[in-house]
Amino acid sequence: MNNIDLPFRANTEEACAWLAHQTGEPWTLARLLEHELTPVVWLDYDAAYPELFGDANGGYAAPIFFQDDIARLAAGSEDVLITFTKDAYKLPARLPEPGFRRPLDQLRFQKRDLERLATKLKQDAQAALAPPPKPPESQESQAGISKQEVLLAFAAMVRLDLDRSLDDAIGIFGDDGARVKASAKKSKRNAVWNPVTLALGLHDVYRTPIGPLKRAFKTHEFLYAWQGNWEESLRLLGK
């Protein structure tokens, strides 16, 4: 087997076969999820949920990232249950109870995510043979992330009204916590938050598990620049 084509959205069998070819090791769905890949399921347009689909009248690929939904898949469920996802505009969306069920064979993994993982695994293998590089520092020019980005990254994993908490700006959500001082001086719309400080605060104050927080920094592109600071903070805290 000299080469394996990787579809734009690979099913579980295709994803595992491709990664096995890249790494020389066996792969399973549980291992894909353990490496924090975000699976998707295609949702055909349903007029009963207009806010979920918006203008996507042909449907869209809905990501599965809520920790309970991921844990159910990793435990070996016979189907897919989605209780929280993003809508067609990539905004957080809680689905009506009891959620959407789909056959397990409809699960897909994005080609770019699989390629990124394969590259990381190869880099990690090479790094294991050499002294570890200095963790990259977050960009000084990036003061923080916006309210909408905070909600995209963290709303699904906390048991509180994060939208309202950010507006109230009390405790870890205010200037004495993760909100960048003076960023909301002219208007709340200008407020930005340091995602590393906020994530640590969510863990310490609201007992948000470290696992989903780690996944957030690897899932959302607007957090990539902060990943070095995040990992260094965890190392210093022994987490």
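A residue that is free of Cβ contacts under 8 Å to residues at least 60 places away in the same chain and in contact with a Gly (Cβ under 6 Å, 6 or more places away or on another chain) occurs somewhere in segment 75-82.
In segment 95-110, the residues that are closer than 13 Å to VAL40 by Cβ reach residues that are loosely packed, with under 15 Cβ neighbours inside 10 Å with C-beta atoms within less than 8 angstrom, at least six apart or across chains, in these pairs: ARG102/ASP79; GLN106/TRP42; ARG108/TRP42; GLN110/PHE8. Count of segment 27-45 residues, restricted to those that are at pLDDT below 95 and over 19 Å from the mean Cα position of the chain (by Cα), is 0. Please verify whether segment 187-198 includes one or more residues that are aromatic (Phe, Trp, Tyr) and either more than 22 Å from ASN229 (Cβ to Cβ) or outside any helix (DSSP H, G or I) (or both). Yes: segment 187-198 contains one or more residues that are aromatic (Phe, Trp, Tyr) and either more than 22 Å from ASN229 (Cβ to Cβ) or outside any helix (DSSP H, G or I) (or both). Residue count for segment 52-73, restricted to those that are surrounded by 15 or more Cβ atoms within 10 Å (Cβ to Cβ) and either outside any loop (DSSP other than H, G, I, E, B) or of a type in the set (Gly, Ala, Ser) (or both): 11. Entry remark, segment 80-99: residues being open to solvent by 20 Å² or more (accessible area, probe 1.4 Å), in a strand (DSSP E or B) and of a type in the set (A, V, I, L, M, F, W, C) number 1 in total. Taking the conditions exactly as written (within 19 Å of the chain's Cα centre (by Cα), open to solvent by less than 60 Å² (accessible area, probe 1.4 Å) and either within 29 Å of LEU19 (Cβ to Cβ) or modelled with pLDDT under 95 (or both)), does LEU107 satisfy them or not? Spelling it out, LEU107 is indeed within 19 Å of the chain's Cα centre (by Cα), open to solvent by less than 60 Å² (accessible area, probe 1.4 Å) and either within 29 Å of LEU19 (Cβ to Cβ) or modelled with pLDDT under 95 (or both). Within segment 150-178, the set of residues being outside any helix (DSSP H, G or I), in contact with a Ser or Thr (Cβ under 9 Å, 6 or more places away or on another chain) and not acidic (Asp, Glu) comprises VAL158, ARG159, GLY177, ALA178. Mind listing whichever residues of segment 206-216 are among the charged types (D, E, K, R) and either touching a strand residue (DSSP E or B) at 6+ places or on another chain (Cβ under 9 Å) or surrounded by fewer than 18 Cβ atoms within 10 Å (Cβ to Cβ) (or both)? Selection gives ARG207, LYS214.
On the stretch given as segment 199-239, residues that are assigned to a loop (DSSP other than H, G, I, E, B) and in contact (Cβ under 8 Å) with a residue 12 or more places away in the chain total 4. Which of the residues belonging to segment 1-30 are open to solvent by 50 Å² or more (accessible area, probe 1.4 Å) and polar (S, T, N, Q)? Listed by number, the residues that qualify are ASN2, ASN3, GLN22, THR28.
Each row is one residue, and each column tells you yes or no for (1) buried (at least 20 other Cβ atoms within 10 Å of the Cβ); (2) not polar (S, T, N, Q).
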site: ALA156; (1), (2): yes, yes
site: ASP163; (1), (2): no, yes
site: GLY174; (1), (2): no, yes
site: ASN190; (1), (2): no, no
site: LEU198; (1), (2): yes, yes
site: ASP204; (1), (2): no, yes
site: TYR224; (1), (2): no, yes
site: GLY228; (1), (2): no, yes
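Each residue in segment 31-51 was checked for being over 18 Å from LEU81 (Cβ atoms), open to solvent by 70 Å² or more (accessible area, probe 1.4 Å), in contact (Cβ under 8 Å) with a residue 24 or more places away in the chain and not in a helix (DSSP H, G or I), and 0 pass.
The values are calculated or read from the model by the stated rules, or taken from the named source; none is laboratory data. Since we're looking at a predicted model, the values are computed, not measured. Counting neighbours? That spans all protein chains shown, and the Cβs are built from the backbone with ideal geometry, glycine included. In case anyone asks, the SASA skips ligands and DNA or RNA and just uses the protein heavy atoms, side chains included. Shrake-Rupley method; radii C 1.70, N 1.55, O 1.52, S 1.80 Å.
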